[in-house]
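*Asks:* The structure under discussion is supplied below as structure tokens; questions concerning it will follow.
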Amino acid sequence: MHAEAVAGVVDRVINRYRRDPTCMLQILREVQEACDWVPPEAIDRMQAMLGVPRTKIEGVAGFYSFIYTEPRGKYRVLFSDNITDRMQGNRALMERLCNNLWVERGKVSEDGLVSVGKTACTGLCDQGPGMLVNNYAIAGLSLERIDEIAELIRNKVPLADWPPAYFKIEDNIRRADILLNADFKPGEALLAARARAPSDGLNSSNMRSWREGLPSGIGGPGATLDEIKRSGLRGRGGAGFTTGLKWEACRNAQLKAGHQRVVVCNADEGEPGTFKDRVLLSKCPDLVFEGMTVAAYAIGATRGFVYLRGEYRYLLDHLNAVLANRRRQNLLGKDICGLPGADFDIEIHVGAGAYVCGEESALIESLEGKRGTPRNRPPFPVTNGYLDQPTIVNNVETFAAAAMIALKGGEWYAGIGTKQSAGTKIISVSGDCERPGIYEYPFGVSIRQVLEDCGATDTQAVQVSGPSGICVAEDEFDRIIGFEDIPTAGAFTIFNKSRDMFEVARNYVHFFQHESCGFCTPCRVGTSLLKNLMDKLHYGSGSPYDFAEIEKLNQLLQSMSHCGLGHTACNPVLDTIAKFRPAYDRRMMQQDFTPAFDLDRELSAARQMTGRDDAGAHLATEHGGQS
Amino acid sequence: MSHTFTLDGKVVPFVDGQTIIQAASAAGVFIPHLCYHPEFKPHGSCKLCTVKVNGRHTASCTMRAAPGMVVESETEEINAERRALTQMLFVEGNHFCPSCEKSGNCQLQATAYHLGMMSAHYDHFFPNRPVDASHPEVLLDFNRCILCSLCVRASRDVDGKNVFGLSGRGIKTHLIVNAKSGQLADTDFTLADKAAQVCPVGVILKKRQGFAVPIGERKYDKAPISETAETTEGH
């Protein structure tokens, strides 16, 4: 692309984003969609038009996996590399595509047509193996489909002309409850919230009273907040903070001049094995947006964001259409539902391949167009969030629940689930079972029940809540999903007895190493050291010494890391060591220490360069008495 | 208003808004650190200054002091963790102290001595980080970068130039300079910049100066880092 054409693209995109540097990531992403990568000329132009230093733009571009400052192929293929994709044979499929297209993994083909690589879990575990082509998701890959895709790429068929069936993503809802089965019409929850306000509260409603509540504190917003508190709703992102308290803290936070309150929907679900937010957004986006609007009403916010993970780019146009429709229905915009001063609108920002942005303060940094590094806390987002304004960040599922609470009341909701965990939980079931997909249960359901319902047999282990969660062995299957026992963001990954739990843990460790933001020393270096140790075991050079090292690293990551990613990075390893020790013992060739260095493995680069991989090119064979 | 907390049993006074490390250093107590510098906004990334506050680990450079806090710093447990972090910084980059012209003036080296680090312990990563010698007065040897971002902050906040920034992610995080070519010579960086003075290791080096002061007679050769004033001019 010529420099002039690039400049034209950049101008168009930047102007659409109001020349706002806080939209830098969105600008980079859209420039890339037009140019296939972000060429230096585009950065020149951004620098001039946004008035920000080049270091800042390159710093942001370099942080996100899906932004390329080196030319990539016209077709950028990324295979999902979660453990479930591996179990479904993604490696062989990737090899097949590489062979078909005569391209080496991770490199760009000589003609610049295509690049093939891997990426973390794409959220398609119930219909894997999955891949992204130019950030559009394709599920259910097979050898046949891979051959077809190779043919399409070779013939330079534009992505828009590929068979639509490829891009069909199933919802696979197997068990629905109050959210997925919601009898809900757009606007109902807002009207119910409005109706809950005392009539004098409504009559005296004006801009101030809508935002701040009546002096007596019993206006519409206050009544809505009370319902949320009464419901006992806790955040569905995994940590389980009480939603009512978070909202109240934000509502009570002082507003500086020119500031406003902000509602953020965290749709950056990146935990390997979870995909329930994908289904909620595809099946009931109105419920989610309505929940955000209820939140805005309750806390007095005027601005809303959905931070949509890059892997769900394919949902963007649909979601924007739903938002446009809501604006037409006066469910967004000015004086929502006829309430004077009830002004709120929602913008969608799309992520670009950084798991750490699911952490709320990193997400806010990313929303501000920066590198997604978790902030120092305190202060917390409820007082100093997006552009230093009071901000609530809640999970997609939390907002969906909030809408239903606004509609049906807090008591109704509190009556579902268990004492400490009110309501339902949507679980993303994948791995070794007959019916992977989405299951919504009232809290308190046992692991065993879920296994039974999804048709899992011969189960060895379940990884609940993804790699940062807990690995549950057979003797623990009567434990329950709930904040009083096993809290979860939703992932439920099943491994039958044929699976090697060491390789499961190793896959997760590679994931954390790749996704560490690199800000703090213990996580940046520690996850790399941990990965090297796991690889050492994989290559058969492990010893008890290495276990001790893993234990020490875990201690350090837990105590010294900056955020939750580092705190939990060792969990899968420690759980599997404790519960599936034989998987590790099998790899311990030595009882004493063995160095990681392996002479034969070091020769692999030489073998590749010479194109020779026969027995004679291996050192071990030589020792074996080659003549 | 003045309050106090205890640090390893010693009563330390502080004023509102002070962080633990600020109050400690005002009271003459040394807490190891690398990315912290009293003249700049705390960053909290190296984690060397981690202490235990009421039993919980936290970075003392970002944590505000509060009345009655019980802070532990010089304990065997915490120093062992700090030592491990220092070792991590050593294996992540390429640090060849004996031949490094920053030797004796280097905070990383001095901190390693302070913590009794006897070996790198972990396997070295040996990253490939080419040197930038383009600038007439200054050499950038990225091999020693510990990503403390002090130069980033100094250039941005004091010099108003934004010469430096961080790019990449995770173990691939790296220092970049503000030029399309990626070369320091193509920026407006000068030796007079504050950013030229703050590097705690040997990344930003003044040319033709290397061994003007012989090794053995340098800052931390004369007194350990725990007893030296809080500045990094050394060279």
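*Asks:* Does residue A:542 satisfy being in contact with a Leu (Cβ under 9 Å, 6 or more places away or on another chain), more than 23 Å from residue A:273 (Cβ to Cβ) and touching a residue at least 12 places away in the same chain (Cβ under 8 Å)? Write out each step before concluding.
*Replies:* Values: in contact with a Leu (Cβ under 9 Å, 6 or more places away or on another chain): yes; more than 23 Å from residue A:273 (Cβ to Cβ): yes; touching a residue at least 12 places away in the same chain (Cβ under 8 Å): yes.
Answer is yes for this residue.
*Asks:* For region A:102-147, what are the residues that are in contact with a Cys (Cβ under 6 Å, 6 or more places away or on another chain) and outside any loop (DSSP other than H, G, I, E, B)?
*Replies:* Start the filter on region A:102-147 by keeping residues that are in contact with a Cys (Cβ under 6 Å, 6 or more places away or on another chain), which leaves A:105, A:116.
Result: A:116, single match.
*Asks:* Report whether or not residue A:279 is within 25 Å of residue A:241 (Cβ to Cβ) and in contact with a Pro (Cβ under 8 Å, 6 or more places away or on another chain). Give the derivation first.
*Replies:* Numbers: within 25 Å of residue A:241 (Cβ to Cβ): yes; in contact with a Pro (Cβ under 8 Å, 6 or more places away or on another chain): no.
It is false that residue A:279 is within 25 Å of residue A:241 (Cβ to Cβ) and in contact with a Pro (Cβ under 8 Å, 6 or more places away or on another chain).
*Asks:* Go through region B:110-159 and give me each residue that's closer than 20 Å to residue B:42 by Cβ and part of a loop (DSSP other than H, G, I, E, B). Give the derivation first.
*Replies:* Going residue by residue through region B:110-159, those that are closer than 20 Å to residue B:42 by Cβ are B:111, B:145-159.
Of everything in region B:110-159, those that are closer than 20 Å to residue B:42 by Cβ and part of a loop (DSSP other than H, G, I, E, B) turn out to be B:145, B:146, B:147, B:148, B:149, B:159.
Matching residues to (1) open to solvent by 40 Å² or more (accessible area, probe 1.4 Å); (2) in contact (Cβ under 8 Å) with a residue 24 or more places away in the chain:
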residue	(1), (2)
B:131	yes, no
B:149	no, yes
B:161	yes, yes
B:164	no, yes
B:174	yes, yes
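*Asks:* Within region B:54-93, can you find the residues that are more than 21 Å from the chain's Cα centre (by Cα) and crowded, with 19+ Cβ neighbours inside 10 Å?
*Replies:* B:65, B:69, B:71
*Asks:* Same structure, new question: Going through B:8, B:16 one at a time, which residue ends up being open to solvent by 40 Å² or more (accessible area, probe 1.4 Å) and in contact (Cβ under 8 Å) with a residue 40 or more places away in the chain?
*Replies:* After ruling out the rest, the residue left standing is B:8.
*Asks:* Looking at residue A:449, is it in a strand (DSSP E or B), surrounded by fewer than 21 Cβ atoms within 10 Å (Cβ to Cβ) and out of contact with any Cys (no Cβ under 6 Å at 6 or more places or on another chain)?
*Replies:* No.
*Asks:* For the structure I just gave you, tell me whether residue A:47 is more than 19 Å from residue A:159 (Cα to Cα), touching a residue at least 40 places away in the same chain (Cβ under 8 Å) and either in contact with a His (Cβ under 8 Å, 6 or more places away or on another chain) or surrounded by fewer than 24 Cβ atoms within 10 Å (Cβ to Cβ) (or both).
*Replies:* In short, no.
*Asks:* In this structure, is residue B:23 buried (at least 19 other Cβ atoms within 10 Å of the Cβ), more than 14 Å from every other protein chain (Cβ to nearest Cβ) and more than 26 Å from residue B:147 (Cβ to Cβ)? Write out each step before concluding.
*Replies:* Numbers: buried (at least 19 other Cβ atoms within 10 Å of the Cβ): yes; more than 14 Å from every other protein chain (Cβ to nearest Cβ): yes; more than 26 Å from residue B:147 (Cβ to Cβ): yes.
When the stated conditions are applied, residue B:23 passes them.
*Asks:* What about residue B:54, is it under 23 Å from residue A:552 (Cα atoms), among the polar types (S, T, N, Q) and without any contact (Cβ under 8 Å) to a residue 24 or more places away in the chain?
*Replies:* Details: under 23 Å from residue A:552 (Cα atoms): yes; among the polar types (S, T, N, Q): yes; without any contact (Cβ under 8 Å) to a residue 24 or more places away in the chain: yes.
When the stated conditions are applied, residue B:54 passes them.
*Asks:* Open to solvent by 80 Å² or more (accessible area, probe 1.4 Å), within 30 Å of residue A:68 (Cα to Cα) and in contact with a helix residue (DSSP H, G or I) (Cβ under 9 Å, 6 or more places away or on another chain): does that describe residue A:154?
*Replies:* Working: open to solvent by 80 Å² or more (accessible area, probe 1.4 Å): yes; within 30 Å of residue A:68 (Cα to Cα): yes; in contact with a helix residue (DSSP H, G or I) (Cβ under 9 Å, 6 or more places away or on another chain): yes.
Taking the combined requirement at face value, the residue satisfies it.
*Asks:* Where residues in region B:160-176 are more than 7 Å from chain A (Cβ to nearest Cβ), in contact with a Ser or Thr (Cβ under 7 Å, 6 or more places away or on another chain) and in a loop (DSSP other than H, G, I, E, B), which of them is modelled with the highest pLDDT?
*Replies:* Residue satisfying both the conditions and the ranking: B:163.
*Asks:* Restricting to helices (runs of 4 or more DSSP H) lying wholly in region A:542-607: which have 1 or more residues that are under 28 Å from the mean Cα position of the chain (by Cα)? Spell out how you get there, then give the answer.
*Replies:* Working: elements: A:544-560, A:564-568, A:571-579, A:581-585, A:599-602.
Hits in region A:542-607: A:544-560, A:564-568, A:571-579.
*Asks:* I'd like the full set of residues that are open to solvent by 50 Å² or more (accessible area, probe 1.4 Å) and free of Cβ contacts under 8 Å to residues at least 40 places away in the same chain, limited to region B:182-208.
*Replies:* Of everything in region B:182-208, those that are open to solvent by 50 Å² or more (accessible area, probe 1.4 Å) and free of Cβ contacts under 8 Å to residues at least 40 places away in the same chain turn out to be B:188, B:192, B:208.
*Asks:* Hey, residue B:157 hits all of (1) under 25 Å from residue A:362 (Cβ atoms); (2) crowded, with 20+ Cβ neighbours inside 10 Å; (3) in contact (Cβ under 8 Å) with a residue 24 or more places away in the chain but one; which does it fall short on?
*Replies:* Residue B:157 satisfies all of (1) under 25 Å from residue A:362 (Cβ atoms); (2) crowded, with 20+ Cβ neighbours inside 10 Å; (3) in contact (Cβ under 8 Å) with a residue 24 or more places away in the chain except (2).
*Asks:* With the structure loaded, tell me whether residue B:137 is open to solvent by 30 Å² or more (accessible area, probe 1.4 Å) and more than 13 Å from chain A (Cβ to nearest Cβ) or whether it fails that test.
*Replies:* Details: open to solvent by 30 Å² or more (accessible area, probe 1.4 Å): yes; more than 13 Å from chain A (Cβ to nearest Cβ): yes.
Yes, satisfied.
*Asks:* Hey, among A:364, A:405, which residue is within 24 Å of residue A:186 (Cβ to Cβ) and either assigned to a helix (DSSP H, G or I) or not acidic (Asp, Glu) (or both)?
*Replies:* Details: A:364 fails: within 24 Å of residue A:186 (Cβ to Cβ).
Among A:364, A:405, only A:405 is within 24 Å of residue A:186 (Cβ to Cβ) and either assigned to a helix (DSSP H, G or I) or not acidic (Asp, Glu) (or both).
*Asks:* Just checking, does region A:499-509 include any residue being part of a helix (DSSP H, G or I), farther than 30 Å from residue A:417 by Cα and within 14 Å of chain B (Cβ to nearest Cβ)? Quick ask: steps written out before the conclusion?
*Replies:* The initial filter retains those residues of region A:499-509 that are part of a helix (DSSP H, G or I), namely A:501-509.
Then drop every residue that is not farther than 30 Å from residue A:417 by Cα, which leaves A:501-509.
Adding the requirement that they be within 14 Å of chain B (Cβ to nearest Cβ) leaves A:509.
Within region A:499-509, one or more residues are part of a helix (DSSP H, G or I), farther than 30 Å from residue A:417 by Cα and within 14 Å of chain B (Cβ to nearest Cβ).
*Asks:* I want to confirm something. Restricting to region A:18-37 and keeping residues that are more than 23 Å from residue A:122 (Cα to Cα) and open to solvent by less than 30 Å² (accessible area, probe 1.4 Å), which single residue is farthest from the other protein chains (Cβ to nearest Cβ)?
*Replies:* Residues of region A:18-37 that are more than 23 Å from residue A:122 (Cα to Cα), as a first pass: A:18-24, A:35.
With open to solvent by less than 30 Å² (accessible area, probe 1.4 Å) added as a condition, the list becomes A:22-24, A:35.
Details: A:22: 17, A:23: 19, A:24: 13, A:35: 17 Å.
Within region A:18-37, the match that is farthest from the other protein chains (Cβ to nearest Cβ) is A:23.
*Asks:* If you don't mind, another one. So, of the residues in region A:326-360 that are in a helix (DSSP H, G or I) and without any contact (Cβ under 8 Å) to a residue 40 or more places away in the chain, which turns out to be surrounded by the most Cβ atoms within 10 Å (Cβ to Cβ)? Lay out the reasoning, then the answer.
*Replies:* To start, the set of residues in region A:326-360 that are in a helix (DSSP H, G or I) comprises A:326-328, A:336-338, A:355-358, A:360.
Still in the list and also without any contact (Cβ under 8 Å) to a residue 40 or more places away in the chain: A:327-328, A:338.
Numbers: A:327: 15, A:328: 10, A:338: 9.
My answer is A:327.
*Asks:* So which of A:86, A:72, A:96 is at pLDDT below 95 and open to solvent by 30 Å² or more (accessible area, probe 1.4 Å)? Let's see the steps before the verdict.
*Replies:* Numbers: A:86 fails: at pLDDT below 95; A:96 fails: at pLDDT below 95.
The match here is A:72.
*Asks:* Could you tell me whether any residue of region B:129-136 is closer than 11 Å to residue B:202 by Cβ and basic (Lys, Arg)?
*Replies:* The answer is no; no qualifying residue exists.
*Asks:* So, one more: Testing residue A:527 on (1) in contact with a Leu (Cβ under 9 Å, 6 or more places away or on another chain); (2) surrounded by 24 or more Cβ atoms within 10 Å (Cβ to Cβ); (3) more than 14 Å from chain B (Cβ to nearest Cβ); (4) not basic (Lys, Arg), one condition comes back false. Which one is that?
*Replies:* The failed condition is (3).
*Asks:* I need every pair where a residue in region A:63-89 that is within 14 Å of chain B (Cβ to nearest Cβ) has its Cβ under 6 Å from the Cβ of a residue that is in a loop (DSSP other than H, G, I, E, B) and of a type in the set (Gly, Ala, Ser), sequence separation at least 6 or different chains.
*Replies:* So the pair list comes out as A:64/A:352; A:64/A:353; A:64/A:354; A:65/A:353; A:66/A:352; A:66/A:353; A:67/A:352.
*Asks:* Also, I was wondering about something else. Could we say that residue B:103 is touching a Cys at 6+ places or on another chain (Cβ under 9 Å), more than 10 Å from chain A (Cβ to nearest Cβ), open to solvent by less than 50 Å² (accessible area, probe 1.4 Å) and in a loop (DSSP other than H, G, I, E, B) here? Talk me through it step by step, then tell me what you get.
*Replies:* Working: touching a Cys at 6+ places or on another chain (Cβ under 9 Å): yes; more than 10 Å from chain A (Cβ to nearest Cβ): yes; open to solvent by less than 50 Å² (accessible area, probe 1.4 Å): yes; in a loop (DSSP other than H, G, I, E, B): yes.
When the stated conditions are applied, residue B:103 passes them.
*Asks:* Kindly establish whether residue B:84 is in contact (Cβ under 8 Å) with a residue 60 or more places away in the chain and within 12 Å of another protein chain (Cβ to nearest Cβ). Spell out how you get there, then give the answer.
*Replies:* Numbers: in contact (Cβ under 8 Å) with a residue 60 or more places away in the chain: no; within 12 Å of another protein chain (Cβ to nearest Cβ): yes.
When the stated conditions are applied, residue B:84 does not pass them.
The values are calculated or read from the model by the stated rules, or taken from the named source; none is laboratory data. Predicted model only: the values in this text are computed from it and were never measured. Note that we place each Cβ from the backbone using ideal geometry, even for glycine, and neighbour counts take in every protein chain shown. All accessible areas refer to the heavy atoms of the entire protein, side chains included, with ligands and DNA or RNA removed. Shrake-Rupley method; radii C 1.70, N 1.55, O 1.52, S 1.80 Å.
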